Every structure is written in structure tokens, then in C-alpha cells.
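Peer 1: If you scroll down you'll find the structure; I have some questions about it.
The values are calculated or read from the model by the stated rules, or taken from the named source; none is laboratory data. The model shown is predicted, which means the values in this text are computed figures rather than measured ones. Cβ placement follows ideal geometry from the backbone for every residue including glycine, while neighbour counts extend to all protein chains displayed.
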Amino acid sequence: MTGVQQARLVWDAVDDPAVAEAISLCFQCGACTASCPLNIFNGSRLNPRQALRRMQLGLPADADPYLCMMCAACEAVCPRGVRITDVMHWLRRRLYQQNQAPQRLVQALWSVYEEGNPWGYPAKDRGKWLLGIDAPTLRQKADILLYVGCISSYDVRLQRAARALASLLSKAGVEFAVLGERERCCGDAVFNAGEMDFLEELIQENINAFKEKGASTVITISPHCYRMMRFTYPKYGADFTVMHYTEYLAQLVDNNRLRINGDANMSITYHDPCYLGRYARVYEEPRRLLESMRGARLEEMQLARDLALCCGGGGGRIMMETKPEERPSNMRVKQAAETGAEILATSCPYCIINFEDSVKLQRMQLKVMDVAEILNSMAEGR
Amino acid sequence: MSDAVLVIGGGIAGVQAALDLAKAGAHVYLVESSPVIGGKMAALDKNFPTMDCSICIEAPKLSEVMQNKNITVITLGEVVEVSGEAGNFRVKVLQKPRFVTDECTRCGDCVPACPIILKNEFDVGMGARKAIYLPFDQAEPGTYVVDINNCLNEPPNFLPCNRCVEACGPKCIDFNMKPQVHELNVGAIIVATGIELFDASLIPEYSYGRHPDILTAMELERLLQSSGPSRGEVIKPSDHSHPHRIAFILCVGSRDRRFYNFCSRVCCMYSIKQALQLVDHGIKDVTIFYMDIRAYGKGFDEMYERARRSGVRFVRSRPGRIMPNGSGIEVVYDDTVSGELRREVFDMVVLATALIPPEPLKKLASTLGIELAEDGFIKVREIGGDFIATTRPGIYACGGASGPKDIPDSVTEASAAAAYALTHLTALNPPIEEVEEKIDASGEPRVGVFVCHCGSNIAGVVDVKEVVAKAREMPYVVHAEDQRFSCSGAGTRHIEEMIREKRLNRVVVASCSPKTHGPVFMRACARAGLNPYLLEMANIRNLNSWVHKEQPSEATAKAIDLTAMAVQKAIRLTPVKKLHTPVVQRALVIGGGVAGITAATALARLGFETHLVEKENELGGMLRFLGEIAPTGVDAKKFLAEKIEELKRAGAIIHLGTEVREISGFVGNYRATLTDGTEIDVGAVIIATGGKPHRPEIRYENGKPRVMTLIEYETAGELDGAENITFIGCIGSRNQKRGCSRYCCQTMIYHALKLRSEGRKVAVVVKDVRTYSRYAEELYRQAAHQGVRFIRVDPEKPMEEQISIGNGGVSVHDILAGASINVPTDVAVLATAIDPIEELSAAQQLRVSKDSEGFFLELHPKLGPVEAITQGVFLAGVAQGPKDVRESVSQALAAAAKAAAILSSPYLEKEPFIPVIDPNKCTKCMRCASVCPFGAIRGELRKWIEVVPGLCQGCGACVAECNVEGAITIPGFTDEQIMAQIDAALAENPEKKVLVFACNWCSYAGADLAGILKIQYPPSSRVIRTMCSARVSQKMIMRAFERGAGAVLVTGCWPQDCHYNYANLNTRKRFERWARLLEAKGVNPQRLQLHWISAAEGKRFAEKMREAHELVEKLSVEEIRAEASKLKGVRAA
């Protein structure tokens, strides 16, 4: 043992007991590292197994947690059930405290603070997506609140999907409210940076805003907002029901409130967004919605559901620069095209952005659409 | 009140339990849900670590079950109702109809007639079968079965077909069979329902089912099996080409919280075994992906080492993705030792799927009123139940039913369950067969020859009428005829009538194999009043018509030769009787640890006078020093107190502070003298002398940390408020000399978890974590969850070289972090090996050998783990190898059951093939004694000599060694008989013939299998069967060459498979001598060959026959005659 630099085993290097427990549980099989999309498609980038080992021994983790897309592909295959994303987030928290968070995420944080969204769009423009909307059941206050989310509020492409959803709700006769200009970031961008104090403040504000609208059910467009509200908000006292729009629409179709009548005659493949699939296990509803369209043919990709490949947008990566050739979405759209489907459907704004970029970059024919958009064209008005 | 036991499940555990019970005199109902018995073991190709052919060692047990009068086999059966209580259960068993009667002759003519092609479940769907079928060739019962759900004669396919009915010669297909309900009264129930295999397609990231070259281990096992779907060729199912790069993935479905948390116990070893087999098949690039190699059993670590040396690559990693791509199958993995992420393309990927509880177990458990544990297997009681008793009195579980287990552990538990079940019975009726022999065979032989058509199986190729005509001309033949099915009820009754009517005193049946059908015709002889050993068979089906289909005239000539050989032997047969030796119905148990106590208790409970001898002044052995028993934390003190109480209640006679000074005798009759002068006569001996804790040779500075062994820690029980505790495994184990000590990982982890729960900081230093026992993997998970740190060192170097203790810590290089770590430590606890005891004179006197590590050697690592090589001596507990308490207890019970089987009968019966010495001719040179593998010949050079029938197993090695004409003979296989067979075989055209000696157990069975598989080969061979190849002597070889045989082949079991304790090593030695002799005389050395051919190697048998034929064809008749004449005057021995 001489001549080798020797570290002393440190027991209490991790201050969060839940995270410490997660680390300890790992038996070092390496399935996580070998299922991480960063590694499978881009060569070795992130070794969660090695990081966990070093943390078990109280050594520095030697891993960049900000590379992680929080897609939880590793957790889906972990035989010990280690919450690896919790560990990654803990590492982010620590780096943030040490002022070592990536500049882009810190900047996003300030944008949320100042304008209510991580992209730095003016807060006053947040309601612009409502222009030209066809939603007669939109109310000032309602039991149902449609939470649009930052990117869908501002991005011209994604506004279309948001309006399609609003229209679908109206077609089903659902009275709903929106926050409009008063809507602020759900907190995902803050959480991703590793900042926790401002996160709490933001969540409290949002909870109050929902209450003022009289909402008992919040419907989100983005799975990222959905995960935040479903799993993090309750820790801060939220008691409303959160549903992803695909869950809610599936209910409407099941209850025959929403009628899908048009003839689709198209082949579709569905991509499971990580935050909706692996985190919340919402796999069936989007598929059921697509299959409810007459003439629609659903083709599954080989890597679907638990194995779905992340588009690259999770964990705040959407804000950060990834070299065009290294984007997991490039691979994903190819996988989608391999099924022979004409349309790649998904239900996450980040996925749509990334997939459309990759389709353009690779000069492909594939059409990328939101489930709500597809459905709206086939749904019958009241 | 009942004398019967119900055994549920006909796999190896159920079969073993049934045999033990039946031998001890219980009546057994063996209920099996499938059409045949044998279970998963029958489907395996080879067993680890011995590389035994699986079916070869299982098949004799299966036929023993079928032939045992005390066992009633109910196949296609389901237990539907159980009422009553221990000692008096009433059970209803529903038996589905088979639609084929027991008259079935296994001719197989129905199969080609059936139009329905289905996947054969036995080949895990890789082979095909028909709707009428036999799952595998050696299946028992061998009656065909109709898969009614897929048959055209029944709904839902209803379309009256009846093609099989028309094809069936003996008319034994009966579609009117109805389900039957058996109402049984039994005293005890044993559940041996085994395991099921995990469905690998549930793990999407491994892509099973998406590419044909991603296989389960069972599928590979079938590919490796020479009678499997690819006839033993390892080919890629996708394109039938040979794979070059193969990956094995361990723990598929097990040790995975998504599916099953437990460890499946067997996968590491069978994967290593398969990897070695692949290397043998010439596949060089084999990789095993593992998390921990759990090579815990005897010889397992050695095999692991052998695999590494053979170039098998071991990668510590659980792959994250297995994805078919255009050129093969890509495996993405993180090599956890080098820390590199790799993606490699393999030609074939093998998934070691978990052993899981069968789905129907839930329903059965509720029918039986027993509980299942969280893992889905049957819950067993630890205190007062010895890990065998279920939650309902009178019902016991063994084998896979109470958690995944390998074959030896399953058969051990099966015997243990039998020992318990026997205690509930009121009466025992050991099987005794009495036949009245009315026919005097001493006069001139009167031979009757019966030539069987076997439908068209024989008659379709061989001119049966011609064989009968020629038989009539053979010496002493007074009657010859042909029969459609000799073995059918009508056929055997006719033989009986003919024996009486024609006053036959010798019977020759020319039909199929004596191995399968010998007993049928022997019983027919016995019923007619003729000594059954006056029967001889000519195997004109398996060895002839089935394998020479295209050469009917040659096959007819061969059939005539085979019949003539049988007649020549028959006229030289003498009536013999099975031997009966009296049994002293008392038992001796040496060693009063937990194994000895358990064994003695079980035997005393069964009513046998049992003497327990313990050299210390107190009972309990090593268990005295334990506090709690891992993994479940049973209170060791309470457990031991309970055990001693049970021993006393059972009434065993305890001799404390005493040892066995002298012991001699043989099975059924041993005499022991104890150190206090007491003399005891016993029928069986159990050695349970345990082991001793290893004394660590490890250097450390005194002071901090304190160092103690695990046993010292358990005894001390107090750590003086120590904060940091480090456990260190494999001290004295897993090195050049020693394998795994089995108990340590789970024990360390048990204590580590306990200390951790108290808030202390606990680390465990290991090579691999070997928590293979039931609930132990769950314990490991819990310990990790609670924060116990596991440090992993290089598995290839002794632990002692990898740690340094001192300066308040334990320093060690962790291979996973790739970093040297100093673990702050106040107390270091060393998990030391269990070493064998030095010497036991009683064992030496009993000729019980030791293994390479110094523990006592078992008869067979798979199927005879508790028997010593000396009959009537059994091994229990650590004496046979390191074990934990649970394993020791079940082995002790098993030893007791085996001993009980001997003791319960007033006398022992054995085959009469025991050599007889002619005192007038014998020179007492003791050569025969020197080759006896059982020490059954005793004496002093030139003074006296005797055969001890109790020790003799009948291989005949002694007779072949003797060079004094007629000094020693062995009934049934005398020189005279075999020489007459040689002469008959070579009477015509000897130069064109290949004379083959085949041993009964392997090579003859291999020849039979070639027939079953219809592997065609030239008809030049003539086979002479002996019990062991060691029976073949120089005299026979020389005679064959003198007579002008074209070639002579001696064939036998592979040395490790020998049924007579390596007797066939004599064959090898002698063969070398014969070869030298022939060469010296100028005989072409190629004309004499020695081949090892196992019972599974039908293909190899056929190949060797073909090669020998080609050789003979190349030689000219003149050459052979010239060489024959050179041999004149060579000494026969």
C-alpha cells in the first residue's frame, strides 16, 4: 500500500440523508453508466457508477452533474433502485453553493427572477400566445387551470401547440382559466441550477396564483412543469391535482366528452418524454389518444417507454449549448424514421424543439408534431 | 394412520425423496404435473463442476423410481384437495388422461403419422414435437402421451384424425381415457415442485426475443446437448453458422428490485460451465459479465480458476444495453474495474435467467394450507423445523420449492425431507422381492429364442423370419419364434407360457436394449419360475435396425450374429440369486456438533438405536460459539438448546469425551470400539466431525485497531463502544489451497448490518459478495441501504496480501474506485476460513478418502453429496466441506435418511455380480486386490484371500487383472461367456468386423442413444456389454485378434463419469500395455482403439463406428490374417 496516494474513507461527506442512502445502496454494477444516452451515443461522457463509488468512499465525485439530462434512463435499469438523479441534483446543489454552476444556468436563474422565464423574454409578453385563440370556454376563473409554461408561451412554434390544446379543451366543453401575463416559471429552471431558496419562493408564489384562480386541477403542457408540480410542489404545501394534458385529454375521450372523428390516415410514432414517462410512468394515455383517431397507425420505436432515448433537453440542457453533432435528438429522429412513420408525435415542448432542429440539420422528411396538434385537427367541435 | 408419503413434483428433488422413502419402506405417491419425471435436470447437458452428463446420471434414478414397487408415479397429476393432519392426511389427486396405455412399446410409429407439429417445450421451443410424443428420449414413464389440447381429435381443433391410432401396432392409443381422481391416505407430504425460469423478454434493454441469437442459458444448454435440437453443435439460430464471440450475462431477472431481489444461486457456475464447454467447442472468445462470482461450493472456485486459465474473459459489469445491430449484437457496458465504457459486438449473447417460483405454487400452497415467504417460495421453519418443515405440521419442502438451489443442495434437502416424513409413518415395508424358482436349470440347456418385430422398427429392416430360422439351427435352441411386440403384456405372457410348455431353461430375447427392457423380461422369467439371470438379450433394434436402415441384408446378418452371441452366452449362464446380507439395525454418529446432533436425532426418532460419539465433554461443536445465525438471525443458543433437547427426547445414546478407536466391517455390519472400551455393532456410520477455525497468518501491529476473528467477535459480543468496525472476508479462504468457506459473507453482513443499525460506521472488505443463501441477498441489500460500506479487492490475490492493518485503520486498494483507501477502524474483524480437521483414524479405517482441501470426499458431488465412497458411511456438515448451519443441518438429515434406508431393512439385497475365488487355483498374489476400487478383496500375500461381498460393487476389474486361468470369476460376465460371445461374433468374415466392448453405464447407453436418434453408421460392429470397461482383459483382446477381428474397440465412461470409483483408469493402463504388446508383435496399432463415450454421446459412438469401419475397409483380409498368425502363442494375460 505504499507509494500510492491514499485517501481516508470519509463517512459523512453527503449532508442529505436521503441522498446518502441512495449512494450507499449502489452495488456498482455499472448498468447506469452503460445506459446513459450521453455514453451510448456520444462516447464516454458521464460515469454515474464511478461518481457513486467515489461518494461511497467520501472522495470527490469527479463528475460534471450539469452534463446530466436528468432523463433517468439509468434509474430505469438500476437493479438496486438507486435514485441517481437525486444524487446528480445534490451534486448540482453543492456546485451551485460553490459558485460553480454553469454560467448559462445562472443567467437563466436571473431571467426567471426578473422576467419570470429562463429565456429572458419580457414578462409582459407572456400572454401573447392567446392572440387568435379559438377557445370559447376560456374563463377568468375556473376549477381547471391550464398552465402553459415558459417556452410554450413565447416560442412561436410551440404557441401553436398551446392554442391547439386550448381549442381541444373548448371542444370538449371544459371551462378553464389561464394565468396569462401573471404566469411565471414553474421552477424547473431554478431547480436545475441547484438553487433552492429562490425555488421555494417561486413555488409559493405559484401556489398562491393558482389558488386565486380558483383552480383545484392544474393541467400542464410541459412534462417538465408537470414533474415539478407533481413531485416537488407538495413538499411546499401544494394540494391541487396536477395532470399532464395527455392524461386529461385521455379522460375526456374515455368519457366521450371529446370526440375524435376525422380520418387520420397517417402513420405515427410516439416518443415518450423522459419527465412524463420514466418519472411519472404516463405511457398509455398519449398512445391511447393517438390510437383513438380513425386510420392512425401507431409504429413503436425499438427504444420506447422505459428505454426511450432523451431528446437532450432535460436537466436544463435545453438552455445549454450542445454541439449539433452530439445531440441525442439526432439519433432519436433517425430511430423514429426507421419505423417508417411519417409523423413523430410527442408531448413535450423541449422534445419538439430538439427534434425539429435535428430533422432540419439532417435534412429529413419526418414531421414533428405535438399530440394536441394532431388531435385538434381531428376533433369535432361542440 | 398411514405408511405412505405424498411427494409433489417429479424433478430430481422429488425423485430423490421418493427413492429414499421407498428404500426405507414407505409407500410413495409421486405426483408430477407434466407427462414425465426428471424435471429441469433432464434437460441439462452437463453438470458443474464435475462436467457429468446430466441425463446419464439422472436416468438411472428415474428408472429406479419406475421399477420400485414402493413408488406409485402419477404423472399429469394435480393435488386438488388436502384434509386431515400430520400422520393422516387425505389427499385428492386429479390425473389427466395420457390417452396412451402402458402397453406402449416406445416404438415411435405414431409420431410420423401425426400431422400436428408443435414446439417441444423440453427443447425450450427450439426443437419440434408432434401432438403425440415423448418429451425426450430417455423419458420415464416412457409411454407416449397425447397433447390433447393440440390434437385434432378433440375440440377446439375437432377434426377426427385417428392417424396415430391406425399407426399403432400394439393398439395402445385410447382416446376414451377419462380423467381420474386418486384418493390417497398419507402420513406426510413433501413439496418438491422446483423452480421456473424467468421470462427474459421482461427486460426490454436486453432485447430478448428481438434477435434469434440472444438466447437464454437453457436454450444454450439444449444446443450443447448432443441429443438436442442442433445435435450438440453450437450454432447461431439466426443463420446456423458457428459463433465466434459469445457473451454471457448473469443475474437476468435476479438481484434486481424490478423483478426478483434474491440470488438464483446457480447461474454463476452454470455459466462458467457453459463457457468452458464453448471453449471445448473451439470458441475462443467467450466473455462473462458478472457482478459477483458466487463460486461457493466444493470445487467451484477451482472451476472458476480453470475457466480463467482457459481464456474465458470475466468482466465485472452489468451491461446497460444489448442491442441487435446489422452485424451482430452490441453490448454496451461499463467495465467497473477499469472504469472504461465499452461497446462490443458479439455473435451470440446468453442470458442467465433467474430461477423463480413457479406460478402454480401459489395455488398449491393454498390447497396445502402452507405459507409462502415474501420471495414467493415456500416458507420453512428454522427452529424446530430444520429449514425443511413448512408452516403446516407434516408437510415438508425441499429443493427449488423453498428457494433456488443447485442439484446437490436439492437432493440433500430431498433426503432431509424424507427423514422428516418418515417420522409420521406408522409402518414401514422395505421392498423385498421373493420369487419361487421351480425350474431346475442345471441340466442340459434348453434355449428359447424370441425375436421381436417391434412393429416395423425391427421387422421393417431386418428379415425377422430369417433370424428365427437361423436361431433354430443354433446349439441347444429348442424353440424359436417371432413376436410382434415381445415386451407387450401379451408378448411377455406368451414367453412365460413357452417357458413352461417347452421346458425352457434359458431365454434369449432378440429385441431392444437390455438396459431399458431387461427387467421386463427378467420378471417374465421369474413369473414362469425361471431364475431371471438366465435371460440374455440381443439388441437388434437400437444397435441394429435403427442404425442400418439402408442395409437390410447386412442388418439381418448382424441380427443373426447378435442372436448367436446371446445364445452362446445364454447356454453358459448359471442361476444366481441376489445377495442378501444381514443388517445390524443400529447407527453410529461420529461428532456432536449441529450436524451430528441433527443426524442422531433423526435416526433415533425413526426408532433406530443411535450412538452419538463426541470427543469433547459437551455437545454443540462450533455452534456453541455463535450468537446468532445469519442470514435470518436465529438465536444460536436457543437453537442449540432446542436441538440438544430434541436429541435427548429422541433417545439417542450419547458418549461424551469419547472417540472411536477402531472400526471395521462393511455396509450393514460395522463394529466400532470406543476409547472407553465400549464395543458397538452398527449398520451405518455417519461422520460429522466438523472442521476447525482457521488461524489467520496476518501481520498487524498491536494496539489500534483491535483485531479479532469472526468467531472471537461472536463470543465476545461486546466492542467496548468501538465506533468504526471493519470486517475483512476470505482470510484463509479463496487462495491456492482453499476454496470459498461459504458461511462468511452472509455472517459478516449480518453483523455489519446490526452494528450499523446501532449507528456505528461499518465497512466490509470483500473479493465478491457471496450472499447466495436464501434471504442473504436481501440482507446484503438492506445492509447497503443502511449505509454499510463494501470495499472490493482483487479476487485473484489472497486477501492477506491486500490489506494492511494498523495506525487506526485498514488500508486497502478498492478496485472499483481504483483508489487506495484507509478505512478508519477501531476493531477489525477477520472472517476466517474453516479448515479441515487433521486426522480421523475411524475415517482412515473406513477407507473414507479426502478431497484436495482435506475434507472428506463424497461419493458424487452432484447426486451423492452425503454418501462416502465406502458404502454404509455417510458424511454430514463441515466434515465434507465448509457449510453454514442451515446447510449442515439439511446434510445431516439427508445422511440420516440414507442411513435409515439401510437400517430399516433386515438385510441388504444386491446384484449377484460378485466375484468368486477358486481357492485351489488362486495363488494369492493379491493383484486383484490392488485394482479393486472399493477395497472389497482382503488378504495377505500368499497366505489368505477373500472377497467381502458387502463392499463389492461388481465392476469386474479384479477378474481382468488375474492371470491365473479360472482363479477368479464373476457370475454373469465370466471369461467363458465373453469368449463365447467373441467367437460367435467373429464366426464369419471376422476380418470385416469391428468388435466393440462397451460398458453398461456409458458407452452401451451411448450406443443405445445413437439408435434412438437414428444416427446411421455401417453395420460392421458387434457389441459385447460388460458392467465396466475394466472387466475387459488381455485374454479377450488377444482372442479377438487371433480370430481375425478387423478391429477391436474398448469403450467406457469418461474417467470422471466412471460408475465404479475410477475403475476405468485400469482400462486405460491395460490398454497401453496391450497396445505395446500388439505393436511389438507387428500388429497394426490402429486396429486396437480405446474411446471414452458417454451415455449422451450417441453421435460420438456412431462416429467411432464409422471410423473403425473405414479402417477395416482399408485393410486387406490377407494382412489381417497374417497379423493374426503372429499372435499365436502370446500369453493370454
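Peer 1: Please verify whether B:Ile370 is of a type in the set (Val, Ile, Thr), away from chain A (no Cβ under 14 Å) and over 24 Å from B:Pro408 (Cβ atoms), treating the condition exactly as stated. Write out each step before concluding.
Peer 2: Numbers: of a type in the set (Val, Ile, Thr): yes; away from chain A (no Cβ under 14 Å): yes; over 24 Å from B:Pro408 (Cβ atoms): yes.
Taking the combined requirement at face value, the residue satisfies it.
Each row is one residue, and each column tells you yes or no for (1) under 18 Å from B:Cys251 (Cβ atoms); (2) free of Cβ contacts under 8 Å to residues at least 12 places away in the same chain; (3) under 40 Å from the mean Cα position of the chain (by Cα).
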position	(1), (2), (3)
B:Arg756	no, no, no
B:Val765	no, no, yes
B:Ala784	yes, yes, yes
B:Glu800	no, no, yes
B:Asp814	no, no, no
B:Ala828	no, no, no
B:Ile834	no, no, yes
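Peer 1: Let me ask you something else. For the range B:508-533, which positions are buried (at least 24 other Cβ atoms within 10 Å of the Cβ) and in contact (Cβ under 8 Å) with a residue 40 or more places away in the chain? So that I can check it myself, show each step before the final result.
Peer 2: Keep residues of the range B:508-533 that are buried (at least 24 other Cβ atoms within 10 Å of the Cβ), which gives B:508-512, B:521, B:524-525, B:530.
Correct list: B:Val508, B:Val509, B:Ala510, B:Ser511, B:Cys512, B:Leu530.
Peer 1: A further question on this structure: Of B:Ala373, B:Ala365, which residue is within 30 Å of B:Val80 (Cβ to Cβ), touching a strand residue (DSSP E or B) at 6+ places or on another chain (Cβ under 6 Å) and outside the structural domain of B:Ile203 (by TED's automatic domain parsing)?
Peer 2: Numbers: B:Ala373 fails: touching a strand residue (DSSP E or B) at 6+ places or on another chain (Cβ under 6 Å).
Exactly one of B:Ala373, B:Ala365 is within 30 Å of B:Val80 (Cβ to Cβ), touching a strand residue (DSSP E or B) at 6+ places or on another chain (Cβ under 6 Å) and outside the structural domain of B:Ile203 (by TED's automatic domain parsing), namely B:Ala365.
Peer 1: Sticking with this one: Would the range B:737-752 turn up any residue that is within 11 Å of chain A (Cβ to nearest Cβ) and in a helix (DSSP H, G or I)?
Peer 2: The initial filter retains those residues of the range B:737-752 that are within 11 Å of chain A (Cβ to nearest Cβ), namely none.
No, the range B:737-752 contains no residue that is within 11 Å of chain A (Cβ to nearest Cβ) and in a helix (DSSP H, G or I).
Peer 1: Only one of these is modelled with pLDDT of 95 or more, within 37 Å of the chain's Cα centre (by Cα), surrounded by 13 or more Cβ atoms within 10 Å (Cβ to Cβ) and not assigned by TED's automatic domain parsing to the domain that holds B:Glu646: B:Val449, B:Val478, B:Val468. Name it.
Peer 2: Values: B:Val478 fails: within 37 Å of the chain's Cα centre (by Cα); B:Val468 fails: within 37 Å of the chain's Cα centre (by Cα).
Criteria check complete, one pass: B:Val449.
Peer 1: Within the group B:Glu614, B:Glu645, which residue is free of Cβ contacts under 8 Å to residues at least 24 places away in the same chain and within 26 Å of B:Leu903 (Cα to Cα)?
Peer 2: One residue alone meets the criteria, B:Glu645.
Peer 1: Next up: The conditions are (1) touching a residue at least 12 places away in the same chain (Cβ under 8 Å); (2) surrounded by fewer than 22 Cβ atoms within 10 Å (Cβ to Cβ); (3) at negative phi, and A:Asn265 fails exactly one of them. Which is it?
Peer 2: In the conditions (1) touching a residue at least 12 places away in the same chain (Cβ under 8 Å); (2) surrounded by fewer than 22 Cβ atoms within 10 Å (Cβ to Cβ); (3) at negative phi, A:Asn265 misses (3) alone.
Peer 1: Continuing with this model, one more query. Can you go through B:Glu777, B:Glu796, B:Glu838, B:Glu801 and tell me which one is surrounded by fewer than 24 Cβ atoms within 10 Å (Cβ to Cβ), among the charged types (D, E, K, R), within 13 Å of chain A (Cβ to nearest Cβ) and under 30 Å from B:Gln880 (Cβ atoms)? Before the answer, list the steps.
Peer 2: Numbers: B:Glu777 fails: surrounded by fewer than 24 Cβ atoms within 10 Å (Cβ to Cβ); B:Glu796 fails: within 13 Å of chain A (Cβ to nearest Cβ); B:Glu838 fails: within 13 Å of chain A (Cβ to nearest Cβ).
Exactly one of B:Glu777, B:Glu796, B:Glu838, B:Glu801 is surrounded by fewer than 24 Cβ atoms within 10 Å (Cβ to Cβ), among the charged types (D, E, K, R), within 13 Å of chain A (Cβ to nearest Cβ) and under 30 Å from B:Gln880 (Cβ atoms), namely B:Glu801.
Peer 1: I need the full set of residues from the range A:301-325 which are away from every other protein chain (no Cβ under 14 Å) and either among the β-branched types (Val, Ile, Thr) or surrounded by fewer than 21 Cβ atoms within 10 Å (Cβ to Cβ) (or both), in order please.
Peer 2: Matches in the range A:301-325: A:Ile318, A:Met319, A:Met320, A:Glu321, A:Thr322, A:Lys323, A:Pro324, A:Glu325.
Peer 1: For the range B:294-351, give me each residue that is farther than 23 Å from B:Pro212 by Cα, surrounded by fewer than 17 Cβ atoms within 10 Å (Cβ to Cβ) and either of a type in the set (Ser, Thr, Tyr) or touching a helix residue (DSSP H, G or I) at 6+ places or on another chain (Cβ under 8 Å) (or both).
Peer 2: If the condition is that a residue be farther than 23 Å from B:Pro212 by Cα, surrounded by fewer than 17 Cβ atoms within 10 Å (Cβ to Cβ) and either of a type in the set (Ser, Thr, Tyr) or touching a helix residue (DSSP H, G or I) at 6+ places or on another chain (Cβ under 8 Å) (or both), then B:Arg306, B:Ser310, B:Gly311, B:Ser338 are the ones that fit.
Peer 1: Which ones in the range B:1-25 are modelled with pLDDT of 95 or more and in a loop (DSSP other than H, G, I, E, B)?
Peer 2: Of everything in the range B:1-25, those that are modelled with pLDDT of 95 or more and in a loop (DSSP other than H, G, I, E, B) turn out to be B:Gly9, B:Gly10, B:Gly11.
Peer 1: Please go through (1) under 18 Å from the mean Cα position of the chain (by Cα); (2) over 26 Å from B:Gly297 (Cβ atoms); (3) surrounded by fewer than 23 Cβ atoms within 10 Å (Cβ to Cβ) for B:Thr50 and return the number of the only condition it doesn't satisfy.
Peer 2: (2)
Peer 1: Has the range B:318-333 got any residue that is of a type outside the set (Ser, Thr, Tyr) and away from chain A (no Cβ under 14 Å)? Walk me through it before giving the result.
Peer 2: Filtering the range B:318-333 down to residues of a type outside the set (Ser, Thr, Tyr) leaves B:318-326, B:328-332.
When the remaining residues are screened for being away from chain A (no Cβ under 14 Å), the result is B:328.
Looking for residues that are of a type outside the set (Ser, Thr, Tyr) and away from chain A (no Cβ under 14 Å), one finds at least one in the range B:318-333, hence yes.
Peer 1: Is there a residue being crowded, with 16+ Cβ neighbours inside 10 Å and modelled with pLDDT under 95 anywhere in the range B:556-566? Before the answer, list the steps.
Peer 2: Within the range B:556-566, the first condition is being crowded, with 16+ Cβ neighbours inside 10 Å, and the residues that meet it are B:556-566.
Those still in the list that are modelled with pLDDT under 95 too: none.
The answer is no; no qualifying residue exists.
Peer 1: Within the group B:Val682, B:Val764, which residue is under 19 Å from B:Glu801 (Cα atoms) and β-branched (Val, Ile, Thr)? Break it down into steps so the answer makes sense when it comes.
Peer 2: Details: B:Val682 fails: under 19 Å from B:Glu801 (Cα atoms).
Only one candidate passes the filter, namely B:Val764.
Peer 1: Now for a separate question. Just for helices (runs of 4 or more DSSP H) wholly inside the range A:29-85: which have at least 1 residues that are at the interface with another protein chain (Cβ under 10 Å from one of its Cβ atoms), at pLDDT 95 or above and surrounded by 24 or more Cβ atoms within 10 Å (Cβ to Cβ)? Let's see the steps before the verdict.
Peer 2: Numbers: elements: A:37-40, A:48-56, A:73-77.
It comes to A:48-56, A:73-77.
Peer 1: Going residue by residue through the range B:290-307, is there one that turns out to be touching a residue at least 40 places away in the same chain (Cβ under 8 Å), out of contact with any Cys (no Cβ under 6 Å at 6 or more places or on another chain) and over 30 Å from B:Lys883 (Cα atoms)?
Peer 2: no
Peer 1: Tell me, which strands (runs of 3 or more DSSP E) wholly within the range B:155-272 include 2 or more residues that are in contact with a strand residue (DSSP E or B) (Cβ under 6 Å, 6 or more places away or on another chain) and in the same structural domain as B:Glu374 (by TED's automatic domain parsing)? Even if it seems obvious, please write down each step before you answer.
Peer 2: Numbers: elements: B:180-186, B:188-191, B:214-216, B:245-252.
Where strands (runs of 3 or more DSSP E) fall fully within the range B:155-272 and carry at least 2 residues being in contact with a strand residue (DSSP E or B) (Cβ under 6 Å, 6 or more places away or on another chain) and in the same structural domain as B:Glu374 (by TED's automatic domain parsing), they are B:180-186, B:188-191.
Peer 1: Just checking, which of B:Ala1108, B:Ala1095 is modelled with pLDDT of 95 or more, crowded, with 16+ Cβ neighbours inside 10 Å and either aliphatic (A, V, I, L, M) or over 22 Å from B:Ala555 (Cα atoms) (or both)?
Peer 2: Details: B:Ala1095 fails: modelled with pLDDT of 95 or more.
Only one candidate qualifies: B:Ala1108.
Peer 1: Given (1) acidic (Asp, Glu); (2) closer than 30 Å to B:Phe666 by Cα; (3) in a helix (DSSP H, G or I), where does B:Asp983 come up short, assuming only one miss?
Peer 2: Condition not satisfied by B:Asp983: (2).
Peer 1: Here is a further query. Could you tell me which residue of the range B:497-519 is nearest to the chain's Cα centre (by Cα), considering only residues that are among the β-branched types (Val, Ile, Thr) and under 20 Å from B:Val462 (Cα atoms)?
Peer 2: Filtering the range B:497-519 down to residues among the β-branched types (Val, Ile, Thr) leaves B:499, B:507-509, B:516.
Filter once more, keeping what is under 20 Å from B:Val462 (Cα atoms): B:508-509.
On the way: B:Val508: 32, B:Val509: 31 Å.
Checked the range B:497-519; the qualifying residue nearest to the chain's Cα centre (by Cα) is B:Val509.
Peer 1: I'd like to know if the range B:78-100 contains one or more residues that are in a helix (DSSP H, G or I), buried (at least 20 other Cβ atoms within 10 Å of the Cβ) and either under 29 Å from the mean Cα position of the chain (by Cα) or not assigned by TED's automatic domain parsing to the domain that holds B:Cys161 (or both). Walk me through it before giving the result.
Peer 2: Of all residues in the range B:78-100, those in a helix (DSSP H, G or I) come to none.
The answer is no; no qualifying residue exists.
Peer 1: With the checklist (1) closer than 30 Å to B:Asp835 by Cβ; (2) modelled with pLDDT under 95; (3) part of a loop (DSSP other than H, G, I, E, B) in hand, flag the one item B:Glu302 doesn't pass.
Peer 2: Exception for B:Glu302: condition (3).
Peer 1: Take the residues in the range B:150-205 that are among the small types (Gly, Ala, Ser) and surrounded by 21 or more Cβ atoms within 10 Å (Cβ to Cβ); name whichever of them is nearest to the other protein chains (Cβ to nearest Cβ). Reasoning before the result, please.
Peer 2: Narrowing the range B:150-205 to residues among the small types (Gly, Ala, Ser): B:167, B:169, B:187-188, B:192, B:194, B:200-201.
Filter once more, keeping what is surrounded by 21 or more Cβ atoms within 10 Å (Cβ to Cβ): B:187-188, B:192, B:194, B:200.
On the way: B:Gly187: 44, B:Ala188: 39, B:Ala192: 30, B:Gly194: 25, B:Ala200: 14 Å.
Looking at the filtered set, the residue picked out is B:Ala200.
Peer 1: Then there's this: I'd like to check something: does the range B:860-880 contain any residue that is in contact with a strand residue (DSSP E or B) (Cβ under 7 Å, 6 or more places away or on another chain), surrounded by fewer than 23 Cβ atoms within 10 Å (Cβ to Cβ) and in a strand (DSSP E or B)?
Peer 2: The answer is yes, given that some residue of the range B:860-880 is in contact with a strand residue (DSSP E or B) (Cβ under 7 Å, 6 or more places away or on another chain), surrounded by fewer than 23 Cβ atoms within 10 Å (Cβ to Cβ) and in a strand (DSSP E or B).
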